Amino acid sequence: MSDGETTRGRPNDQGVAAARTVGVPVHSTQDGTLDVGGQHIPVPVNREALRTIADDSGGTAHEATSGDELAAVYRNLGSSIGYTTEHREITTWFIGLTLILGLAAGTSSILLGSRLP
């Protein structure tokens with residue numbers, strides 16, 4: 001998240017370089033408001049910096065002046081942003097854990113059993 005001004009964290013050029021390195025395009029929107037106790041406070045952004053970040057990382061810059069326009073931007077981006085579900089076989093982990101616990105129980109039974117009356 002950024003408003004285009006670096007006050008904390010990475011400078012814009014380092015963030016863009018990191019995004020480019022891992023192949024993640026950055027998309028930006030302009031202006032917005034922050035709801036604090038029911039009061040809408042405008043949040044100005046550095047449009048030029050955000051446009052540069054988007055262009056340099058392979059993303060796009062969007063201007064959304066209303067909630068409906070912002071929803072449309074996210075709908076359009078939704079088709080290019082996704083995730084992949086990978087199924088992994090974990091049965092062998094459970095079998096291994098069961099064998100280790102069984103051996104520990106058997107060993108403790110032999111060691112403690114001979115000492116009890």
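Read-outs throughout are calculated quantities, based only on the coordinates presented, and are distinct from any laboratory measurement. The structure displayed is predicted, hence computed values, not measured ones. Because the Cβ atoms are built from the backbone with ideal geometry, glycine has one as well, and the counts that use them run over all protein chains shown.
Considering region 23-65, and only residues there that are charged (D, E, K, R) and touching a residue at least 40 places away in the same chain (Cβ under 8 Å), the residue that is surrounded by the fewest Cβ atoms within 10 Å (Cβ to Cβ) turns out to be Glu48. Within region 66-94, the set of residues being exposed (fewer than 10 other Cβ atoms within 10 Å of the Cβ) and part of a helix (DSSP H, G or I) comprises Asp68, Arg75, Gly78, Thr91, Thr92, Phe94.
Within region 3-22, the set of residues being in a loop (DSSP other than H, G, I, E, B), of a type outside the set (Asp, Glu), in contact (Cβ under 8 Å) with a residue 24 or more places away in the chain and farther than 9 Å from Ile53 by Cβ is empty.
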